[in-house]
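Written below as C-alpha cells is the structure these notes are about.
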C-alpha cells in the first residue's frame, strides 16, 4: 500500500511513518497542500492522510481539489488527521469529501481501524465483508 501524508509538522509525519512502517505501508510525505497536490499529479496513491491546518492552502481546500479532479485519482480514499476540535469539524470534512476523520494525537489502532474500514468498502460505499 502506498500512502501520501500531507502534513506541515515533521514530527507528526515521523510518528505516522513509524506507525505505518509496522504494517509495511509505504508513506510519501508532503509538507504542504500544494506539494501534496503536485505529488498526486505525479504518482498514484492508495490513500491520502491530510492535516487541516497548514500554511498556505488548508486541508479542506486540498480535499476539494482532489475530489474535483477529472480522473480516477478523484476517488482516492482520504483520512483527515487533525488537532482541530471544532464541533462541526467532522461534518465539514465529510462534506468536503473525506472518508474518515481522526484527531491528534492519533493512536495506531485508530489509524489502522480507519484504514481498514475504508479498504473494506466497495465502490458504492457498502461493506465488502
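What follows is calculated from the coordinates using simple rules that are stated; it is not laboratory data. Computed from a prediction, not measured in an experiment: that's the story for all the values here. We place every Cβ from the backbone using ideal geometry, glycine too, and count neighbours over all the protein chains shown.
Structure data summary
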quantity	calculated
Distance in nm between pseudo-label sites at residue 95 and residue 71 (7 Å out along the Cβ direction from Cα)	3.0 nm
Label-point separation, residue 86 to residue 2 (7 Å along Cα→Cβ), nm	3.3 nm
Debye log10 I(q)/I(0) at q = 0.21 Å⁻¹ for segment 2-119, Cα point scatterers	-1.24
Helix-only [θ]222 nm of the chain, DSSP H runs n ≥ 4, -39500 (n - 2.57) each, per residue, nearest 500	-12000 deg cm²/dmol
